[in-house]
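K.L.:
Before anything else, here's the structure in question.
The numbers here are math on the coordinates, done by the rules we state, and not lab data. Since the model is a prediction, treat every value here as computed from it, not as a measurement. Here the Cβ is made from the backbone with ideal geometry for all residues, glycine too, and neighbour counts use every protein chain on show.
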Amino acid sequence: MVESEVGSMRTASIREFRSELPSLTRQGEVVLVTNHGKMVGCFLPMEETDALPVELKREFVLSMGKTLARELAAKNLSEKDVLDDFKRFKKNRRGQ
């Protein structure tokens with residue numbers, strides 16, 4: 001368990017998380033996933049987003065932003081390319 005100003009939070013190694021996933025999803029609790037003691041992910045049930053400390057939310061968003069930026073750069077895509085593709089997808093989906 002991790003103690004914070006908000007309360008306590010469950011931590012699990014990747015192996016524990018994988019083996020306990022069905023139980024964790026039923027319990028609906030926030031779980032910090034670690035690899036050799038370093039946070040590598042977070043299971044955040046949609047109804048429990050307020051339970052995650054602001055600092056962890058900020059770290060998560062920054063990490064996701066950096067990951068997406070690297071992926072876009074590696075594929076030579078811009079934000080506009082992604083948005084245009086999404087608009088085409090929505091338009092095609094409605095036509096089906």
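K.L.:
Does the range 53-96 come out rounded, prolate or oblate by the C-alpha gyration tensor, with a ≥ b ≥ c the root eigenvalues, rounded set by a/c under 1.5 and, if not, prolate when a/b is larger than b/c and oblate if not?
P.N.:
On the way: a/c = 4.46, a/b = 1.76, b/c = 2.53.
The shape class here is oblate.
K.L.:
Just give me a number: lysine pairs in the range 53-96, eight or more positions apart or cross-chain, with C-alpha atoms less than 25 Å apart.
P.N.:
Lysine pairs meeting both conditions in the range 53-96 amount to 9.
K.L.:
Let me have the relative contact order for the chain, percent, based on Cα pairs under 8 Å that are six or more residues apart. Could you put the intermediate results ahead of the total?
P.N.:
Values: 69 pairs, mean separation 16.9, N = 96.
Contact order relative to length: 18 percent.
K.L.:
I would also like to ask the following. Could you list Phe60, Phe17, Phe89 in order of exposure, starting from the residue whose Cβ has the fewest other Cβ atoms within 10 Å?
P.N.:
Numbers: Phe60 15, Phe17 19, Phe89 10.
Ranked by crowding around the Cβ, least crowded first: Phe89, Phe60, Phe17.
K.L.:
Only one of the values (i) 28.2, 95; (ii) 19.6, 71; (iii) 17.5, 50 was calculated from this structure for Rg and Dmax of the Cα atoms in Å; name its label.
P.N.:
Here Rg and Dmax of the Cα atoms in Å agrees with entry (iii).
K.L.:
On to the next question. So what is the 222 nm mean residue ellipticity for the chain from helices alone, if each DSSP H run of at least 4 adds -39500 (n - 2.57) and you divide by all residues, rounding to the nearest 500 deg cm²/dmol? Intermediate results must be reported in sequence, preceding the final value.
P.N.:
Numbers: 3 runs with 52 residues, N = 96.
Mean residue ellipticity, 222 nm, calculated: -18000 deg cm²/dmol.
K.L.:
Can you sort Met39, Met64 so the residue with the fewest Cβ neighbours within 10 Å comes first? Could the numbers behind the result be given before it?
P.N.:
Details: Met39 15, Met64 10.
Neighbour counts put them in this order, fewest first: Met64, Met39.
K.L.:
Please list the helices of the chain that count as membrane-span-like by this rule: a mean Kyte-Doolittle hydropathy of at least 0.0 together with Cα atoms stretching 15 Å or more along the helix axis, each helix being a complete DSSP H run.
P.N.:
Numbers: long enough: 14-27 (18 Å, -0.93); 54-74 (30 Å, 0.21); 79-95 (24 Å, -1.96).
Membrane-span-like by this rule: 54-74.
K.L.:
By the scheme Lys and Arg +1, Asp and Glu -1, what is the net charge of all other residues having a beta-carbon under 13 Å from that of Leu21?
P.N.:
Working: positive: Arg10, Arg15, Arg18, Arg26; negative: Glu16, Glu20, Glu29.
Neighbourhood net charge equals +1.
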